[in-house]
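The values are calculated or read from the model by the stated rules, or taken from the named source; none is laboratory data. Just so we're clear, the structure is a prediction, and the values are computed from it rather than from any experiment. Cβ placement follows ideal geometry from the backbone for every residue including glycine, while neighbour counts extend to all protein chains displayed. Accessible surface areas use protein heavy atoms only, side chains included; no ligands, DNA or RNA. Shrake-Rupley method; radii C 1.70, N 1.55, O 1.52, S 1.80 Å.
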Amino acid sequence: MNRTRRALFASLPLVLAVGVLELGFRATTEPVVPQDYLPPHPTRLWQLPMGTYSNDGAPTQVDERGLRVVQRSGAPSRALTLGDSSIFGHGLPDEQTLHAALARGLDERGLQVDVLCGGVPGYSTEQSLELLAELGEDLAPDLLVLGGLWSDYQQESFHDREFIASAKSPLASLRRFLVGHSAMAAWLEGRKAGGTSMPVSWVKAPSEDTDSRVPLDQYLENQQRLADWASEHGAAVVTLAPCHRMRIMGGQHPWEPWFTALEGNPGSIAHVDGCAVLRGQAPVGDQ
């Protein structure tokens with residue numbers, strides 16, 4: 001028997017064993033899903049699960065693209081909000097979200113606009129750029145509302161730009177092709193994730209240094225790239241500085257350079273500070 005045949009016969013028991021294990025996992029187990037675990041996405045790192053998403057007590061519908069479902073009215077214009085959970089509407093029913101309030105405000109001013117939600121919990125501007133590249137032309141917004149900041153500033157053991165590049169690498173693509181639909185691999189991956197919130201930790205080992213997920217210079221670059229996308233697709237754009245009770249109270253906070261830089265965007269980009277709006281409404285306490 002030549003070497004090729006010997007190798008084939010020797011590998012046959014291993015292939016059969018793996019096949020039997022895979023069938024067993026498919027029949028008897030469910031993947032271990034840690035708290036805050038979100039399904040991995042090949043370019044955006046993670047996405048919301050399709051169906052009814054448990055949004056901190058506010059059941060929320062998510063479509064097949066991983067976006068919050070917004071009922072369209074067939075309005076002649078569309079707006080798209082981009083950002084993280086504060087833009088998505090963490091813990092909020094549909095009628096209390098930013099995109100719903102924006103649609104009502106525009107309607108009160110005589111503008112019929114369907115405001116779509118492109119905010120996803122945990123998304124940085126790097127992930128928003130990937131979302132636009134993938135879904136932007138289909139969503140076809142006439143207005144982009146750029147509200148990403150908190151996730152960009154967030155201190156982590158990885159940088160989103162490197163993380164996404166690793167996820168899009170040939171090696172990662174090969175892994176998805178080989179075991180992307182394996183119940184056994186999914187179970188093992190869930191075990192490895194443990195109680196952490198990094199759903200695709202196999203893509204890139206965390207670095208030793210802790211830094212902002214998107215360093216300030218990259219954040220500003222991403223804001224310009226998002227604005228450039230809008231310009232290329234005939235859409236208006238506005239940047240939105242999200243508010244926080246500590247910003248209302250005043251004082252120095254570590255994320256202030258991000259807000260200062262955001263306010264310094266070119267004059268051609270409209271800018272709204274959420275805290276300035278709230279101060280005008282004189283909110284009390286957690287309102």
- Note on the structure: Sorted by chain and then number, the residues having a modelled amide H within less than 5 Å of the amide H of Thr239, at least 5 places away or on another chain, are Leu146, Ala270, His271, Val272
- Task: With a 1.4 Å probe and all protein chains in place, put Ile269, Ile248 in order of accessible area, largest first.
- Result: Ile248, Ile269
- Query: Carbon and sulfur atoms: what percent of the 1.4 Å accessible area of segment 1-139 do they account for?
  - Reply: 57
- Mind giving me the nanometre distance, one decimal, between the label points for Glu134 and Asp228, set 7 Å out from Cα along Cα→Cβ? 2.2
- Item | Amide H contacts of His41 (H built 1.01 Å from N, under 5 Å, at least 5 apart or other chain) | Trp46, Gln47
- Query: Given the Cα-Cα distance of Ala270 and Val20 and 0.36 nm per residue of separation, how much length would full extension add, in nm?
  - Reply: 84.1 nm
- To the nearest 10 square angstrom, what accessible area does Tyr153 show with a 1.4 Å probe? 40
- In nanometres, the difference between 0.36 nm per residue of separation and the alpha-carbon distance of Arg109 and Ser169 is 16.9 nm
- Task: Note down the nm distance, to one decimal, between modelled labels 7 Å out along Cα→Cβ at Ser77 and at Arg3.
- Result: 7.1
- Task: Round to the nearest 10 and report in Å² the accessible area of Val272, as given by a 1.4 Å probe over the protein chains' heavy atoms.
- Result: 60
- Heavy atoms of Ser73 accessible to a 1.4 Å probe, total area in Å² rounded to 10: 90
